[in-house]
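The values are calculated or read from the model by the stated rules, or taken from the named source; none is laboratory data. All values derive from a computational prediction rather than experimental measurement. Here the Cβ positions follow ideal geometry from the backbone for every residue, glycine too, while neighbour counts run over all protein chains shown. Remember, those area values only see protein heavy atoms, side chains included, never the ligands or the DNA or RNA. Shrake-Rupley method; radii C 1.70, N 1.55, O 1.52, S 1.80 Å.
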Amino acid sequence: MHPLQCVLQVQRSLGWGPLASVSWLSLRMCRAHSSLSSTTCPSPERQEDGARKDFSSRLAAGPTFRHFLKSASAPQEKLSSEVEDPPPYLTMDELLGRQRKVYLETYGCQMNVNDTEIAWSILQKSGYLRTSNLQEADVILLVTCSIREKAEQTIWNRLHQLKALKTRRPRSRVPLRIGILGCMAERLKEEILNREKMVDVLAGPDAYRDLPRLLAVAESGQQAANVLLSLDETYADVMPVQTNPSATSAFVSIMRGCDNMCSYCIVPFTRGRERSRPVASILEEVKKLSEQGLKEVTLLGQNVNSFRDNSEVQFNNAVSTNLSRGFTTNYKAKQGGLRFAHLLDQVSRVDPEMRIRFTSPHPKDFPDEVLQLIHERDNICKQIHLPAQSGSSRVLEAMRRGYSREAYVELVHHIRESIPGVSLSSDFIAGFCGETEEDHVQTVSLLREVQYNMGFLFAYSMRQKTRAYHRLKDDVPEEVKLRRLEELITVFREEATKANQISVGCTQLVLVEGLSKRSATDLCGRNDGNLKVIFPDAEMEDVNNPGLRVRAQPGDYVLVKITSASSQTLRGHVLCRTTLKDSSENC
Ligand code: 5AD
Ligand code: SF4
């Protein structure tokens, strides 16, 4: 993306309130590097210095206004194999990776795993090589998370380790470049460049297409950043490169961003506005994954079931969106577009042998048509993540979640009636602003009432910029937060063990992933509810080839008789190899 395109996007986002001020891009001279000009040896730094001067004079001359106009009006339909045209201050050669080796490290959520694949796909096309060996890397990129203070602290600690690597680097090698990608780059912007002078590149979640240019600028010894948020970037044309070629499942990003503005959450500020990828490009990716033999696809998005593809104009009718009963939004009602039920229907038709999951949904967007589809379609997993965050209506209001405890519980009942046997999971935050002991007891009671199969529990971490930061007080002492969190974890485990024990004696369909981490004689896979199932690696019959004895391989569907259950794992013995279509679970 060229600078003026960025400026234009800032302007487009100006009408949009809180996120308008976060769009930011700059190229900065790195003082630390400018001292290298006194070096006398003909080292890569010396060459770099010459290149920098040349680069700086080209940068000073700058691109012409005509160039900006051209780039701003250019359609964005580039073939994914094409490398971007260089901006006028870079040559094509400088824009290319020149076989530099990139080491990528991912932190945070599943979206970040997918973003890592997107970033890599872009760099690979630009001529970079990938390495899994930190020592041989020329470029180290950290794909970061900001959701809680602890997630960011991990990155700061990692940067200190990398600093040593950069300082120790022999002069005979090209200088090591370090980049911060993703949510932390977006949240902290130049604070990172100022605090850690050895960071060369910053790229926010919507700026990965710009990575080749940012790295080219960094090559010349300058810091480079693009943390612009976009209203429409979905990386629809970038086919992520799967890191693990033997994986049986893949993630497909279908939407980005979040419009909910829950009062505790940094995501709308780091990931920007909600936007969905066109259905056609999602289907194309799912088809490719099916052709590659993958057996499971998880549709990804910060609010995955708020999906709304408005790219097909004829579908922009005035029909208002159905929300779950008793739920409201923090934003003006949206209308029209292709909704999640349509996408789920289409995706699940691509390959009946491919399991479909989705994460992470918002409870407000479960209209009946989504629930019915999940119930009816064999290959859509009967598993729903339903983040509650709290069991107290008072706290839910302070969180601006748009529902009461009663509406949430009613939705749980409705889901259980619509999809018998559905597996439920949730997220909870302990110790949110103003949470009393009574509120906490309400959360404990919700955990007991719903009896989730899986849970993700966190202590509240105040984030700057959020509504809670501006309007509420982080008044629950740290030790109280942690004590409440411990209590939630204990109750969750007790209830999940009970919920999972219902499976004992049942026969379940398991997608085999590979060897169990704990034992070389056991295999591991996942049931429909996404729970881990461990079973001995034994010979079995193949239902489609009677008389044939086989051993399970990754990607096979097998029927497993469940013999024991804990809060996180099921154990059993394998009965036969089968297919998703032919399987008959019984319980
Ligand atoms: N503090 C603690 N947990 C948080 N989450 C989001 N923001 C915060 C925060 N500031 C949790 C929510 C969300 C999950 C992804 O992370 O439970 O659903
Ligand atoms: Fe972390 Fe949220 Fe960003 Fe994911 S979207 S990396 S959870 S801050």
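Here are the numbers:
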item: Quotient of Cα Rg and 2.2 N^0.38 Å for the stretch 92-226, N being how many residues it contains; result: 0.95
item: Shape metrics for the stretch 504-578, restricted to C-alpha atoms - Rg then Dmax, Å; result: 11.3, 37
item: Protection proxy ranking of 464-473, 292-301 - average other beta-carbon atoms within 10 Å, highest first; result: 292-301, 464-473
item: Three-way shape call for the stretch 180-336 based on the alpha-carbon gyration tensor, with the a/c threshold at 1.5; result: oblate
item: Rg/Rg_globular for the stretch 101-160, with Rg_globular taken as 2.2 N^0.38 Å and Rg from C-alpha atoms; result: 1.17
item: Residues whose placed amide H lies under 5 Å from that of Asp556, excluding near-sequence neighbours; result: Val512
item: Candidate aspartates and glutamates for bridging to Lys473, where Cα separation is under 13 Å - those fewer than 8 sequence places away on the same chain excluded; result: Glu435
item: Contact order normalised by residue count of the stretch 504-578, Cα under 8 Å, 6+ apart, percent; result: 34
item: Relative contact order computed over the stretch 259-393 (Cα-Cα under 8 Å; 6+ residues apart), in percent; result: 28
item: Cross-link reach list, lysines versus Lys334, counting only Cα pairs under 18 Å and skipping chain neighbours closer than eight places; result: Lys364
item: Nonlocal amide H pairs with Leu570, under 5 Å, H built at 1.01 Å; result: Lys532, Val533, Ile534
item: Net dipole in debye of the stretch 92-226 [+1 Lys, Arg Cβ; -1 Asp, Glu Cβ; about Cα centre; nearest 20]; result: 520
item: Cα-based Lys proximity count in the stretch 92-226, under 22 Å, for pairs eight or more positions apart or on separate chains; result: 12
item: Dipole magnitude of the stretch 155-220 about its Cα centre (Cβ charges: Lys, Arg +1; Asp, Glu -1), debye to nearest 20; result: 460
item: Computed over the stretch 349-453, Cα set: Rg, Dmax in Å; result: 15.0, 49
item: Whole-percent carbon and sulfur share, accessible surface of the stretch 128-209, 1.4 Å; result: 51
item: Distance in nm between pseudo-label sites at Lys334 and Arg448 (7 Å out along the Cβ direction from Cα); result: 3.9
item: ³J(HN,Hα), Karplus 6.51/-1.76/1.60, whole Hz, each residue of the stretch 95-104, x for Gly, Pro; result: 6, 8, x, 6, 6, 4, 9, 10, 10, 10
item: Total charge dipole magnitude, the stretch 504-578, about the Cα centre, Cβ charges on Lys, Arg, Asp, Glu only, Debye to nearest 20; result: 220
item: Kirkwood hydrodynamic radius of the stretch 276-420, from inverse mean 1/r over distinct Cα pairs, in Å; result: 16.1
item: Potential lengthening between Arg416 and Asp522 on full extension [0.36 nm per residue; Cα-Cα distance subtracted]; result: 34.9 nm
item: Cα centroid of the stretch 456-534 to Cα centroid of the stretch 546-587, whole Å; result: 24
item: Calculated from backbone phi, Karplus (6.51, -1.76, 1.60) coupling profile of the stretch 549-556 in Hz, x at Gly/Pro; result: 9, 9, 10, 5, 10, x, x, 7
item: For Ile178, residues with placed amide H under 5 Å, excluding near neighbours; result: Ile140, Asp200, Val201
item: Contact order relative to length of the stretch 92-226, as percent, for alpha carbon pairs under 8 angstrom and 6 or more apart; result: 25
